[in-house]
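First the structure, in the form of structure tokens, and then the observations on it.
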Amino acid sequence: MPFYDYIYDTMDKSSDTLYENSLKRKEETPNVVHLTHLTTPESIYHLRFGFASLASKPYSSAWYLWLLWPVTLWSMVLTRIYRRTFVVERNRFHQLRLQTWAIPKYGIQYRLKWQKESVNNMIEEAVLEAEEKGASGEELNRYGEVYVKKHPQLKVKLVDGSSLAVAVLLNSIPKGTTQVLLRGNLTKVAFAVAFALCQKGIQVTVLREDEYEKLDKSLGTKSEGKLVTSKSYSSCKVWLVGDDLTEEEQRKANKGTLFIPFSQLPPKKLRKDCFYHTTPAMQTPTALENVDSCENWLPRRVMSVWRIAGILHALEGWEEHECGYTMSNIDKVWEACLKHGFQPL
């Protein structure tokens, strides 16, 4: 913004022409699109076009943001009016052009039944737009199978990142662990982790009878007798936790317990005498360019596995979708991740 050059007539004569020509360039076509959404009303300030200082740090609630509640309220109104995804971040990784698109919906809206159709329609529109722009991979934070069945001709590959999430979780469990406690909403990732642990000979303890029945029905004899139910909270020092973990259950954990979330949202840190692992994520390679903001609560240059998975699909040229209840080979995905420079935390 050559303000003083305008005042003192010292501006380069080509500046205006250069600026006008830069506006005429073709829109950049992404190779990989990461589809995300807002979490809380104030999370909009943590985007790059919000406050750069907030975006550069891991997400946390700040008291002074409550002073902006009139602006926050208007932003919520705008998200209801503006019913299209918008680009919040652009990155480059070697020859790949990466974009992050945000759906103007908040986390709580994903859990409301009457919002289901609206959310699904927005995701479907985003998938079709990515297809039109020629993206080769798109990460979804839901299973996504409905869009593949509805549009079987899709060339863009839908990737929910579940296999990489499982790989990271398995490698986050301390070596020598013989038993873990599984607690939380049973997702695709939870079922896959339970299966993998049983196959490794690690006992998986479940507290609730209904969760045990679901897992037992899914795993059957493949559990190798390692799936058990218990009423005791003190038997395990490693907990794999999901969205439904209660504060009461956290307080019953032994001192020194390690909480490892398998969900996309982290549990509330109630215990100072326990350890909390991050949500499934990895350190990014230095070749990843234009990383000037944090992904939600993760540190700078740390990326969620759901986002990395789509990049891997494009880098490796994998042609299959990873959505619905299908899973990629966990070992293959993990090895590819390390090969391209992503490192475990």
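What the table shows:
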read-out: Residue match in the stretch 124-142 (condition: open to solvent by less than 70 Å² (accessible area, probe 1.4 Å), more than 23 Å from residue 321 (Cα to Cα), touching a helix residue (DSSP H, G or I) at 6+ places or on another chain (Cβ under 8 Å) and at pLDDT below 80); value: no
read-out: Flag for residue 329 being within 23 Å of residue 192 (Cβ to Cβ) and loosely packed, with under 15 Cβ neighbours inside 10 Å; value: yes
read-out: Residues of the stretch 244-275 satisfying the condition of being aliphatic (A, V, I, L, M), within 28 Å of residue 38 (Cα to Cα) and assigned to a loop (DSSP other than H, G, I, E, B); value: 245, 265, 270
read-out: Residues satisfying the stated conditions in the stretch 289-322, i.e. assigned to a loop (DSSP other than H, G, I, E, B) and either of a type in the set (Gly, Ala, Ser) or open to solvent by less than 10 Å² (accessible area, probe 1.4 Å) (or both); value: 293, 298, 317
read-out: When residues of the stretch 28-53 are limited to those that are over 16 Å from the mean Cα position of the chain (by Cα) and hydrophobic (A, V, I, L, M, F, W, C), the one least open to solvent (accessible area, probe 1.4 Å); value: 44
read-out: Failed criterion for residue 90 (all others in (1) at pLDDT 80 or above; (2) more than 17 Å from the chain's Cα centre (by Cα); (3) under 29 Å from residue 145 (Cα atoms); (4) open to solvent by 70 Å² or more (accessible area, probe 1.4 Å) hold); value: (2)
read-out: Filter result (within 19 Å of the chain's Cα centre (by Cα) and surrounded by fewer than 18 Cβ atoms within 10 Å (Cβ to Cβ)) within the stretch 249-275; value: 265, 266, 268
read-out: Selection from the stretch 169-188 of residues that are in a helix (DSSP H, G or I) and open to solvent by 10 Å² or more (accessible area, probe 1.4 Å); value: 170, 171, 172, 188
read-out: When residues of the stretch 1-15 are limited to those that are acidic (Asp, Glu) and not in a helix (DSSP H, G or I), the one most open to solvent (accessible area, probe 1.4 Å); value: 9
read-out: Filter result for residue 232 (within 20 Å of residue 212 (Cβ to Cβ) and surrounded by fewer than 18 Cβ atoms within 10 Å (Cβ to Cβ)); value: yes
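The values are calculated or read from the model by the stated rules, or taken from the named source; none is laboratory data. Remember, predicted model here, so these are calculated numbers, not experimental data. Cβ: placed from backbone, ideal geometry, glycine included. Neighbour counts: every protein chain shown. These accessible areas exclude ligands, DNA and RNA; they are computed on the full protein's heavy atoms, side chains included. Shrake-Rupley method; radii C 1.70, N 1.55, O 1.52, S 1.80 Å.
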